[in-house]
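Reviewing the structure listed below.
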Amino acid sequence: MDDRDRLLLDAWRAGDRKAGQELVERHYAAVYRFFFGKVRDSVCEDLSQQTFEVVCRRRDAYRGDGSFRAYLFGVARFVLIGWARRQRRFEPTEDSLPADAESLPGLLADRELVKIVATALRGLPLDDQLVIELKDWEHLTQAELAALFEVPQATVARRLQRARARLRAAVERLVDDPALRDRTLRGLESCMESIRLEVDRRFGPAPRGQDPQ
């Protein structure tokens with residue numbers, strides 16, 4: 001756990017609201033980015049706020065296993081699944097979230113290869129999408145991912161391998177032209193990095209949440 005996060009969390013637990021606010025400010029952008037592209041833009045802020053409300057209510061639940069960021073993403077995942085299940089029956093290992101043309105693919109509309117990969121990524125079952133994003137974009141360790149998904153590390157490795165294979169298959173289904181399909185698959189890694197950079201460029205500092213209580 002980051003030393004500054006530990007100090008802030010300990011102070012927050014002791015009743016220091018300013019420490020809690022600083023902790024929120026340190027991580028709000030990452031949590032907001034977690035939701036971006038999975039739900040409509042208007043819902044991102046609500047779900048981000050809900051995530052920190054859960055953390056606020058249960059701030060003694062974090063035991064220090066792995067980074068505080070990884071713990072936050074775990075809370076955000078449960079908030080997102082809860083939201084999805086209020087819309088319809090939803091199983092994160094099997095179902096994808098409804099496509100949101102207002103968000104990620106729309107952001108990349110003028111970049112054909114990257115838009116193809118973004119559309120394929122958003123069409124994956126939610127947990128496949130998350131394991132790729134949290135590994136490649138947020139750089140969570142295998143141990144942190146195992147704790148987040150509540151599975152053994154070996155299972156995380158298999159899920160990541162399966163998710164990457166499904167992403168490639170999704171790209172293949174989206175592109176009819178063989179030359180464009182091959183070019184997209186060869187550039188898959190660079191396209192994923194471009195998506196992350198575009199999201200960062202779009203948001204900069206994400207909207208702030210309410211003061212912790």
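The calculated P(r) of the stretch 143-200, using every Cα pair and 10 Å bins from 0, goes 21, 35, 33, 11, 0 in percent.
As a calculated quantity, the FRET efficiency between R40 and A14 at R0 = 30 Å, using C-beta atoms, amounts to about 0.20. Return one number: the angle in degrees, 0 to 90 and rounded to the nearest 10, between the long axis of the Cα atoms of helix 112-122 and the longest principal axis of the Cα atoms of the chain. Long axis of 112-122 versus the principal axis of the chain: about 60 degrees.
Between 0 and 90 degrees, the angle of helix 153-174 with respect to the longest Cα principal axis of the chain falls at about 40 degrees.
Building the convex hull from the alpha-carbon atoms of the chain and averaging its projection over directions returns 11.7 nm². In a fully extended conformation the segment linking E53 and L197 would gain 49.0 nm over its present Cα-Cα distance, using 0.36 nm per residue.
E25 to D176: extension gain in nm, 0.36 nm per residue of separation minus the Cα-Cα distance? So the chain would gain 49.9 nm between E25 and D176. Counted residue by residue at 0.36 nm each, then reduced by the alpha carbon distance between them, the extension gain from A169 to F78 reaches 30.0 nm.
Every number here is computed from the coordinates shown, using simple stated rules; none is lab data. Remember, it's a predicted structure, so these values are computed and weren't measured experimentally. Methodologically, a virtual Cβ is constructed for each residue, glycine included, from the backbone with ideal geometry; neighbour enumeration extends over all protein chains shown.
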